[in-house]
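**Student:** Structure provided below as structure tokens; questions to follow.
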Amino acid sequence: MNETAQSLKTTSRRGMIWGILTIFLGLLAIGSPFIAGVWTTIFIAISLLAAGIVMIVFAFQAPSLGGIVLKLLFGILTVIIGAAILSQPGIGLAKLTLFLGLYFIFDGFLALILAWNVKPEPGWGWMTFNGIVTIMLAWLILNHWPESALWAVGMLVGVRLLFSGMTMLTLGTAVRQVSRETN
């Protein structure tokens with residue numbers, strides 16, 4: 001087996017393993033959407049804490065006192081928000097779900113506007129369908145808020161992981177086929 005084929009085989013194996021693992025995690029998230037939502041909220045809180053600390057550290061590299069103060073305040077605010085979410089992830093999840101619903105409304109209407117602006121080009125119907133489905137999902141989330149916090153974020157994360165895993169598995173399989181043809 002030549003070096004290229006061996007490299008492709010190793011890459012395909014890794015892609016397939018990661019794909020299977022990601023599919024498994026997606027199914028877990030779909031099966032336990034509240035737990036997945038809380039963990040997503042905790043991850044966001046930790047990310048905000050880390051980003052805030054980095055902002056505070058780099059604030060002192062600003063060229064002016066005004067820049068230092070502004071960046072320092074923004075860094076402190078980011079740390080406070082991250083700590084607040086981390087201290088009460090359930091409330092953070094409810095707020096995240098509310099913002100997600102509002103985002104879907106905005107995204108859905110923008111998709112509809114874009115679709116009608118490109119009409120009758122190919123794909124405008126799918127864009128319209130996407131906008132309608134997104135607005136319906138927003139309505140479903142917001143109409144049942146705050147109870148929708150129990151499932152919305154975790155379910156969406158799970159579906160995203162599931163499709164990402166299927167993509168990785170499919171690409172790994174395709175690379176494996178290429179490695180066989182290269183050999």
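Values quoted throughout were computed directly from the atomic coordinates according to the rules given, and no laboratory measurement underlies them. Note that the structure is predicted; figures quoted are calculated from it, not measured. Glycine also receives a Cβ, built like all others from the backbone with ideal geometry; neighbour counts cover every protein chain displayed.
**Student:** Between H144 and Q177, what's the calculated FRET efficiency when r is the beta-carbon distance and R0 is 45 Å? Round to 0.05. Each step should come with its number before you reach the end.
**Tutor:** Numbers: r = 45 Å, r/R0 = 1.00.
In this case the efficiency is close to 0.50.
**Student:** What number results when the radius of gyration of the chain, computed over Cα atoms, is divided by 2.2 N^0.38 Å?
**Tutor:** That ratio works out to 1.38.
**Student:** Which value, in debye to the nearest 20, describes the size of the charge dipole of the chain about its Cα centre when Lys and Arg Cβ atoms bear +1, Asp and Glu Cβ atoms bear -1, and nothing else is charged? Spell out each step's value before the answer.
**Tutor:** Numbers: 9 positive and 5 negative charges, 71 e Å.
Result for the chain is approximately 340 debye, rounded to the nearest 20.
**Student:** Are there any chymotrypsin sites (Phe, Trp or Tyr not before Pro) in region 21-64 that are in a DSSP loop and have at most 14 other Cβ atoms within 10 Å? List them by number.
**Tutor:** Numbers: sites: F24, F34, W39, F43, F58, F60; in loops: F60.
Passing sites in region 21-64 are F60.
**Student:** Give me the one-decimal nm value for the distance between modelled label points at F106 and V69, 7 Å along each residue's Cα-to-Cβ direction.
**Tutor:** So the label points at F106 and V69 sit 3.0 nm apart.
**Student:** Positive end of the charge dipole of the chain (Lys, Arg +1 and Asp, Glu -1 on Cβ, about the Cα centre): tell me which of L48, S12, I132 has its Cα farthest that way.
**Tutor:** Positive-end residue among those listed: S12.
**Student:** Of the options F163, A149, A59, report the single residue whose Cα projects farthest towards the positive end of the charge dipole of the chain (beta-carbon charges: Lys, Arg +1; Asp, Glu -1).
**Tutor:** F163
**Student:** Hey, rough spin-label estimate for V54 and T170, points 7 angstrom out along Cα→Cβ, what's it come to in nanometres?
**Tutor:** 3.2 nm
**Student:** Kirkwood Rh and Cα-based Rg: tell me the resulting Rg over Rh for region 1-102, rounded to two decimals. Intermediate values should be presented prior to the final figure.
**Tutor:** Working: Rg = 20.6 Å, Rh = 16.8 Å.
Rounded to two decimals, Rg over Rh is 1.23.
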